[in-house]
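**Student:** Got a structure here, written out as structure tokens. Questions coming.
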Amino acid sequence: MLKPTRRKFLGYSAGFGAVQALHAAVKPVRITDVDVFAISIPASEAAVAAGVQNRYVVAKVVTDAGVTGYSFAGPPLSALGLVREALIGKDLFNVNVQLQNGLWQWGGVEHAVWDAIGKIAKRPVYQLLGGASDRVTAYLTCVWKGAADQSQVSFDDQVAMAVKIKKAGFKGMKIRVWRPDPLDDVEVCRRIKEATGNDFHLMFDRTAEMPVSMAGQQVWDFETGLRIARELQKAGAYWLEEPFARSDYDSPAKLAERVDILITGGESYSLVAPFRECLLHRTYDILQPDGRQAGGIFRCREVAVLAESFHVPTILHGTMSLLLAGWLQATLAIGAPWQEVALITPPLLPEEQWAPGLKVLKRKEMFRFEDGQLLAPPYAGIGLDVDEEALARYRVRT
Amino acid sequence: MINRRTLFRNAAAALAMPLLDPLRSLSDEVRAVRITDVESFRISLPKNGGNDVNDQRVYDYGVSRVHTDAGISGTAFIPCPDEILQRWIKPTLVGQDLFAIQRHIDRLQMQRGESGVQIWSGVEHAMWDAIGKIAGQPVAKLLGGTRDKLRVYRTTVWPSQKQASGSAAAGDSDQSDIAYETQAKFAVRLKDAGIEGMKVRAWRPHPMDDVDMVGVVRAAVGPGFHIMLDRTAVRPGWVWDYPTALQVCRGLEKHDAYWLEEPFDGHDIYGPARLAAEVDILITGGELAKSTYEFVEFLVNKTYDVVQPDTRICGGIWMARKISMLAEAFGVPCIQHGTASLALAGYVQAGCAMANCEWQEIIGSPNLPQEQWEPARKLLHTDEPFLIKDGFVLLPDLPGLGLALNEDAMKEYRANA
């Protein structure tokens, strides 16, 4: 895979030549500063209207080792005061202690901490947390502009996007099952499977609690959930996500027992305890902690350790563009079979939607896709080569 | 970004990253580190005290060592049997990515089933040593770093006096030929040395004798000192029935003992759970469990108040770390089962990474840990392998497992195969 060049190899060996260094005391690395700020990368109005991603919240963790960690999954700017209070002066490497002190609430800040750790260790973060895999199959979650329940989208457009995604090498797609009549979504499933074939995975997201405000939708009663799950199963769907309320540990379990289609969920939970409850209740066939909401990379890793012991796979709830860097490290450490890439605005493909993000990177490379798989970034930390000057240029002054 | 000049200017960075090649910038691709060889051998240090059975210092060490194409080797003082090494470990590891610990575990488990990972523990510790050295950090810091010291308790096993006189017989290890006062006297010695806890066996033929012994120890050390009892029920060869265990626990509670370890068979899930629910004294166990699956059974069924994975038996540092995560999710302390002398290195790293590990067990005969490992000082550049201060063993501030090995000495004392 990675062929070391002669220069690199010699350099590497020379670095290790100083055996004495192995016996030199390791000085604790302190966090000297933290910043959280918004950036807005120039993009045409038309591009932004089409869904192109140009705004991010950056989390930056500065250390006294001369290394700075970054993430683009920053918390709300208003958190900065608390973040600084909790982290400045602390030992960078004592992640567990910082998590207990509140770091888990600030998502991307934890990713930036790991970015700095990985850069100091000069290894990708996933390799420090078990290194279970070096690639992961991606699926794209597509949400069309317009009504949240997608009732304005024609079935043909959804089929066309699925075909386009498959042609681009991706192995799966997730869409909403929010239409007023869920049997419409079942029909979409049938048509997409007909057009893409059996080796293309189609997932359905009910996100049962969220649409209430967005689409006036309600949580299904159990019989409706059972009926739709059976219909989706018949139509060839791969999984049904969050069919019921998030605080309901029993109904998904009851459903999962009665159907073959996989029942998944977990994106809204924070820390490990709710996932433990899911496992004890057999709530879901697959747990989906979110790389930010669950408390960060390390808490996701812990959830996966727990889930694995119950023989339940962990597949992270996903995100997009530069944010994905932290999620991907957790996914690779865990060895998850899939990584969600969300939210894609059809007809854009990921690299089109994320293009402006390259402007804040020195190495003009975000992620490598190969045959529908996301490859482990062969770089230290969470793998992004952030251009500090570009960040300053695009910083939104408040 | 780090370039050559800023690196040289920044002494802190140079210390934190002793291995950073100044010519490489962070934007360069990270090279995979491949395992080139794995070996296991013995170190035999000269015995100054002859063959006195009361000289309980450790002179012989099994070593596992991993070599990599990064020019860094990792060493752990836990051996790997040669047959296992040749047949399973080398074919699985040589040529593979040093950092892909979980993938190696998966492969070993596929090849050998659940017990597959137990066999590689020494090698796994050595791999973490190499990983930490390449990363320039103590292993504990890479695994979620929680603390920089662990409270020590001394597990003390008296050598059989019959054995000393050459008439050893099975069962003598039950400590029945050791006077309660001898055990009490040593507890006082530990307390005077700053150590805050002692564990002894509860193997005597009459279980209530061990309760009386604890009473004598408590009277001698006074309140506050932690007294733990280890039944390790599979080892003495007979298992208490439930009423006996209950009676013993009630007695131990009267003397304010801290915990009773493995009152029943080590794989018994429900017996300890019933006892733990009924008594106040902590019921602990888990050293024999070889997989996360077994620990989940303990946790779901509330088998133990404290789980005690052994990072050598359960499959290594990463496995122990995973078990601690499981226990944490169930609000259960994870206090590692311990070991002796230089093997301790990996245990201390794992323990300092855990959020729920307060103590570190150091096992030995009635001497202080520093006396036990005194011969091993010959193998090191430092005065001591570990510093014990105010009853805590400190996380070494060296990369990897934290032992500063003198390679010349390692060569000199390497035993011929």
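**Student:** Can you name the residue in the range A:35-61 that is in a strand (DSSP E or B) and β-branched (Val, Ile, Thr) and is also surrounded by the fewest Cβ atoms within 10 Å (Cβ to Cβ) among such residues?
**Tutor:** Going through the qualifying residues, I end up with A:Val57.
**Student:** Taking B:His67 as the residue in question, decide whether it is within 14 Å of another protein chain (Cβ to nearest Cβ), at pLDDT 90 or above and assigned to a helix (DSSP H, G or I).
**Tutor:** Details: within 14 Å of another protein chain (Cβ to nearest Cβ): yes; at pLDDT 90 or above: yes; assigned to a helix (DSSP H, G or I): no.
Answer is no for this residue.
**Student:** Might you check whether a residue that is within 23 Å of B:Ala130 (Cβ to Cβ) and either within 14 Å of chain A (Cβ to nearest Cβ) or surrounded by fewer than 22 Cβ atoms within 10 Å (Cβ to Cβ) (or both) occurs anywhere in the range B:355-376?
**Tutor:** No, the range B:355-376 contains no residue that is within 23 Å of B:Ala130 (Cβ to Cβ) and either within 14 Å of chain A (Cβ to nearest Cβ) or surrounded by fewer than 22 Cβ atoms within 10 Å (Cβ to Cβ) (or both).
**Student:** Ok, one more. Take the conditions in a helix (DSSP H, G or I) and crowded, with 23+ Cβ neighbours inside 10 Å and apply them to B:Phe264. Does it pass?
**Tutor:** The answer is no for B:Phe264.
**Student:** Additional query: For the condition at pLDDT 95 or above, aliphatic (A, V, I, L, M) and buried (at least 21 other Cβ atoms within 10 Å of the Cβ), what is the one hit in A:Leu348, A:Leu322?
**Tutor:** Going through A:Leu348, A:Leu322 in turn, just one is at pLDDT 95 or above, aliphatic (A, V, I, L, M) and buried (at least 21 other Cβ atoms within 10 Å of the Cβ): A:Leu322.
**Student:** Here's another thing I want to ask about it. Might you let me know whether the range A:100-114 holds any residue that is at pLDDT below 95, farther than 30 Å from A:Leu349 by Cβ, within 11 Å of chain B (Cβ to nearest Cβ) and surrounded by fewer than 24 Cβ atoms within 10 Å (Cβ to Cβ)?
**Tutor:** Yes; the residues of the range A:100-114 include at least one that is at pLDDT below 95, farther than 30 Å from A:Leu349 by Cβ, within 11 Å of chain B (Cβ to nearest Cβ) and surrounded by fewer than 24 Cβ atoms within 10 Å (Cβ to Cβ).
**Student:** Restricting attention to the range A:120-177, report how many residues are under 30 Å from A:Val62 (Cα atoms) and of a type in the set (D, E, K, R).
**Tutor:** Count: 4.
**Student:** Going through A:Arg276, A:Arg301, A:Arg282, A:Arg246 one at a time, which residue ends up being within 14 Å of another protein chain (Cβ to nearest Cβ), closer than 21 Å to A:Asp221 by Cβ and not aliphatic (A, V, I, L, M)?
**Tutor:** A:Arg282
One line per residue, one yes/no per condition, for (1) under 11 Å from B:Val38 (Cα atoms); (2) without any contact (Cβ under 8 Å) to a residue 24 or more places away in the chain; (3) touching a Cys at 6+ places or on another chain (Cβ under 7 Å):
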{"position": "B:Thr68", "(1), (2), (3)": "yes, no, no"}
{"position": "B:Ser73", "(1), (2), (3)": "yes, no, no"}
{"position": "B:Ala76", "(1), (2), (3)": "no, no, no"}
{"position": "B:Pro81", "(1), (2), (3)": "no, no, no"}
{"position": "B:Arg87", "(1), (2), (3)": "no, yes, no"}
{"position": "B:Pro91", "(1), (2), (3)": "yes, yes, no"}
{"position": "B:Asp97", "(1), (2), (3)": "no, no, no"}
{"position": "B:Arg103", "(1), (2), (3)": "no, yes, no"}
{"position": "B:Leu108", "(1), (2), (3)": "no, yes, no"}
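**Student:** Another question, then. Look through the range B:101-128, keep the residues that are buried (at least 24 other Cβ atoms within 10 Å of the Cβ) and of a type in the set (Gly, Ala, Ser), and return whichever of them is nearest to the other protein chains (Cβ to nearest Cβ).
**Tutor:** Only one residue fits best here, namely B:Ala126.
**Student:** Now a separate question. Suppose we keep only residues that are assigned to a loop (DSSP other than H, G, I, E, B) and within 14 Å of chain B (Cβ to nearest Cβ) within the range A:122-179. Which one would you say is farthest from B:His104 (Cα to Cα)? Reasoning before the result, please.
**Tutor:** Residues of the range A:122-179 assigned to a loop (DSSP other than H, G, I, E, B): A:122-123, A:129-134, A:143-154, A:168-171, A:177-179.
Next, only the ones that are within 14 Å of chain B (Cβ to nearest Cβ) stay: A:122-123, A:129-134.
Values: A:Lys122: 22, A:Arg123: 18, A:Leu129: 13, A:Gly130: 10, A:Gly131: 10, A:Ala132: 8, A:Ser133: 11, A:Asp134: 13 Å.
So, considering only residues that are assigned to a loop (DSSP other than H, G, I, E, B) and within 14 Å of chain B (Cβ to nearest Cβ), the one farthest from B:His104 (Cα to Cα) is A:Lys122.
**Student:** Which members of the range A:269-312 meet the condition of being part of a loop (DSSP other than H, G, I, E, B) and in contact with a Ser or Thr (Cβ under 9 Å, 6 or more places away or on another chain)?
**Tutor:** Result: A:Thr283, A:Tyr284, A:Asp285, A:Gln288, A:Pro289, A:Gly291, A:Arg292, A:Gln293, A:Ala294, A:Gly295.
**Student:** Additional query: How about the range B:275-317: which of its residues are polar (S, T, N, Q), within 23 Å of A:Leu279 (Cα to Cα) and in contact with a Leu (Cβ under 8 Å, 6 or more places away or on another chain)? Please lay out each step first, then the result.
**Tutor:** Applying the first criterion (polar (S, T, N, Q)) to the range B:275-317 yields B:284, B:291-292, B:301, B:303, B:308, B:311.
Add one more test, that the residue is within 23 Å of A:Leu279 (Cα to Cα), and what stays is B:291-292, B:301, B:303, B:308.
Within the range B:275-317, B:Thr292 is the sole residue that qualifies.
**Student:** Do you know which of the residues in the range A:313-327 that are of a type in the set (A, V, I, L, M) and assigned to a loop (DSSP other than H, G, I, E, B) is farthest from the other protein chains (Cβ to nearest Cβ)?
**Tutor:** A:Met320
**Student:** Moving to a separate point now. If you scan the range B:336-359, which residues turn out to be part of a loop (DSSP other than H, G, I, E, B) and among the polar types (S, T, N, Q)?
**Tutor:** Scanning the range B:336-359 gives B:Gln336, B:Asn356.
Residues are listed down the side, and each one gets a yes or a no for (1) within 14 Å of chain A (Cβ to nearest Cβ); (2) among the aromatic types (Phe, Trp, Tyr); (3) part of a helix (DSSP H, G or I):
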{"position": "B:Val234", "(1), (2), (3)": "no, no, no"}
{"position": "B:Arg274", "(1), (2), (3)": "no, no, yes"}
{"position": "B:Glu294", "(1), (2), (3)": "yes, no, yes"}
{"position": "B:Glu297", "(1), (2), (3)": "yes, no, yes"}
{"position": "B:Arg312", "(1), (2), (3)": "no, no, no"}
{"position": "B:Gly315", "(1), (2), (3)": "yes, no, no"}
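**Student:** Something else about it: Return a yes/no flag: does the range A:374-391 have any residue that is more than 19 Å from A:Arg123 (Cα to Cα) and in a strand (DSSP E or B).
**Tutor:** No; the residues of the range A:374-391 include none that is more than 19 Å from A:Arg123 (Cα to Cα) and in a strand (DSSP E or B).
**Student:** Can you confirm whether A:Asp115 is over 20 Å from the mean Cα position of the chain (by Cα) and in contact (Cβ under 8 Å) with a residue 24 or more places away in the chain?
**Tutor:** No; evaluated as a whole, the condition is false for this residue.
**Student:** Scanning the range A:91-125 for residues that are of a type in the set (Lys, Arg) and touching a Leu at 6+ places or on another chain (Cβ under 7 Å), which turns out nearest to A:Ala273 (Cα to Cα)?
**Tutor:** A:Lys119
**Student:** Then there's this: Filter the range B:383-403 for residues that are in a loop (DSSP other than H, G, I, E, B), crowded, with 17+ Cβ neighbours inside 10 Å and within 12 Å of chain A (Cβ to nearest Cβ) and give the result.
**Tutor:** The answer is B:Leu395, B:Pro396, B:Leu398, B:Pro399, B:Leu401, B:Gly402, B:Leu403.
The values are calculated or read from the model by the stated rules, or taken from the named source; none is laboratory data. Everything quoted here is computed from the prediction, not taken from an experiment. FYI the Cβ positions are ideal-geometry reconstructions off the backbone, even for glycines, and counts take in every protein chain you see.
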